[in-house]
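Worksheet for the structure shown next.
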Amino acid sequence: MIPVPVVVTVLGGWCAVYLADTLLKSSNSLKASYEDWLLTYGLSVSPFHLRWQTALFNRQFYNWGRWRPKFLYLWFSVGMVFGIVAMFGSVILLGKTLLQTLTQMLTEAPKAQNDRMLQVVVSVPSSDLCLRTVPGVNLPISQLTYFFSAILISGVIHEVGHGVAAIREQVRFNGFGIFIFIVYPGAFVDLFTTHLQLISPVQQLRIFCAGVWHNFVLGVASFMVLFLLPAILFPFYYTGVGALVTEVAEDSPANGPRGLFVGDLVTNLQDCPVYNVEDWNSCLGDISEKSQVGYCVSAATLQQLSFPARVYRRLDGTVECCSNNSLTDICFSYSNKLDSHLYACLPARKVIEASKVCRTNMDCHKDFVPSFCVTPSLENQTRLIRVKHPPHIDMLYVGHPMHLQYTVSLSSFVPRQNFLSIDLPVVIETFCKYLISLSGALAVINAVPCFALDGQWILNSFLEATLSSLIVEKQNRELVGFLILLAGSALLAANVALGLWMVTAR
């Protein structure tokens, strides 16, 4: 849940701003000078909403709008086609997501979601739309800087698209601004409405679709940077040699004198080689899904290391044969020709080091030396994992594989020089992922034919451009548009409401 101090700080801050604004506007001596100050700096204050507008960038916008007219015509014409396709596609996407959410709500065992994937309100993290991330609820506090920065940049690029397209279509540009709503930043452009209404529907479509188009381009550009990052950073970082540990949480099971440390290079998980972070996640996923592997131990070594212990069953049916106070010994199970359920309490490190991984006794037959495949007898979902991070001694981890995955941060990039930051590639990767998700989300949501979004104006202009000959009366065309907007708004509202319910209530 959202930390109470954060809620108090946000609410208290907005109350203080609104109270100060109210007092200054009601003061006989300060009202005039305060309102002049707001007007001079283009500021406006309302409950939970702070807005700043300026004409400082008008010249730059006009320069952009007049740069290479033929190229801009082609650019925004392609954007117009994309916006129209996105409008229809967003409805299909929202409909599919709504059905999936309803199905998940009605099933007793909902399909597990990938918690490591970014899922943000108005976000497109994968093949479907997930309206399910609330800062402080299921978005880590440490990620808020990426989150809000990506929102702001995506919003600015979106509005730059509208502004440049409007100037290219000879619509007067009044100014550019930034706002904060509660904690969410955004941007806007102020266009002369009369000019906008006088141009043709196709020209309007180029303007209204430009924001969606620019968000799509930003997402593609971010994806290309993410994809080419190994080549971009090749002079400074190399990849393909392992996963570099960049952070270990204080409460992580991997934290300790024989655990992982920042700067360690993980090369293996059990017998699964690790060349990058994707391999680390894949290996942990395989370890979690498959049964616990065993280790080949000769009969002589088994007899030498084992010692008598009381065997008892845990509540989940698994067997324990070591003292609860032991930090180095683990109960192992094995079988011989006479008995298939034998147990021995053995020192874990001595058993595992220099041992071959196995599944059955057949895997251990070598040089005619009697050997057994001993398997850790652990609770359900718990695994014994051998983590290799040379030149250090192997880490032996006992616990759920996902706990190791969530509490250890890694990078695929290894610095070529000691003075290079190990965090820089991670910062770039994370920021690109947020830009892809949030910019794509802004494109999808704004394309929805919904009241107060770009989709409303895209739909109206599209209907005017296509139905004017079929439906002669403008009033009838407006009625058709109103009904479509009503359905689109209901669809979007249902997705947002159910998505937030899935996050907060479950």
Once normalised by the length of the chain, the mean sequence separation of its alpha carbon contacts under 8 Å that are 6 or more apart gives a contact order in percent of 20
Using a 1.4 Å probe on the protein heavy atoms only, what accessible surface does Cys283 show? Give it in Å² to the nearest 10. 0
Ranked output for segments 264-271, 180-187 by mean other Cβ atoms within 10 Å, highest leading, reads 264-271, 180-187
Solvent-accessible surface ranking, highest first, for Asp190, Asp251, Asp36 at 1.4 angstrom: Asp251, Asp36, Asp190
Computed helical MRE - 222 nm, the chain, DSSP H runs ≥ 4 contributing -39500 (n - 2.57), nearest 500: -16000 deg cm²/dmol
Relative contact order of segment 145-275 (C-alpha contacts under 8 Å, at least 6 apart) in percent is 20
Could you work out what % of the accessible surface of segment 4-47 is carbon and sulfur, using a 1.4 angstrom probe and leaving DNA, RNA and ligands out of the count? 72
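Give the ranking of Ser421, Ser29, Ser77 by solvent-accessible surface, highest area first, calculated with a 1.4 Å probe. Could you put the intermediate results ahead of the total?
Numbers: Ser421 55, Ser29 95, Ser77 20 Å².
Highest to lowest solvent-accessible surface, that is Ser29, Ser421, Ser77.
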Treat each spin label as a single point 7 Å out from the Cα along the C-beta direction, and report the His341 to Asn418 distance in nm. 5.7
Mind checking the full-extension length gain between Ala300 and Tyr18? Use 0.36 nm per residue of separation minus the Cα-Cα distance, one decimal, nm. 93.6 nm
Sum up the charges of everything whose Cβ sits under 13 Å from the Cβ of Leu74, counting Lys and Arg as +1 and Asp and Glu as -1, but leave Leu74 out. +4
Just to verify a number: FRET efficiency for Tyr73 and Glu35, C-beta to C-beta distance, R0 = 35 Å, to 0.05? 0.25
Note down the nm distance, to one decimal, between modelled labels 7 Å out along Cα→Cβ at Leu102 and at Val6. 3.3
How about segment 416-506: which GluC sites (Glu not before Pro) there lie in a loop by DSSP and see at most 10 other Cβ atoms within 10 Å? Glu473
Under 26 Å, Cα to Cα: Lys pairs in the chain, sequence gap 8 or more or different chains: 17
Calculate how large, on average over all directions, the projected area of the Cα convex hull of the chain is; give the answer in nm² to one decimal. 34.0
If you count only protein heavy atoms and use a 1.4 Å probe, how large is the accessible surface of Arg172, to the nearest 10 Å²? 110
Spelling it out for Glu247: with amide H atoms placed in the peptide plane at 1.01 Å from N, the residues 5 or more places away or on another chain with amide H under 5 Å from its amide H are Ser409
Neighbour-limited loop hits for chymotrypsin sites (Phe, Trp or Tyr not before Pro), segment 189-231 (at most 13 other Cβ within 10 Å; DSSP other than H, G, I, E, B): Phe192
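The values are calculated or read from the model by the stated rules, or taken from the named source; none is laboratory data. The structure presented is a predicted model; accordingly, all values stated were derived computationally and were not measured. Quick reminder, even Gly has a Cβ in these numbers, built from the backbone with ideal geometry, and neighbours come from all protein chains shown. Remember, those area values only see protein heavy atoms, side chains included, never the ligands or the DNA or RNA. Shrake-Rupley method; radii C 1.70, N 1.55, O 1.52, S 1.80 Å.
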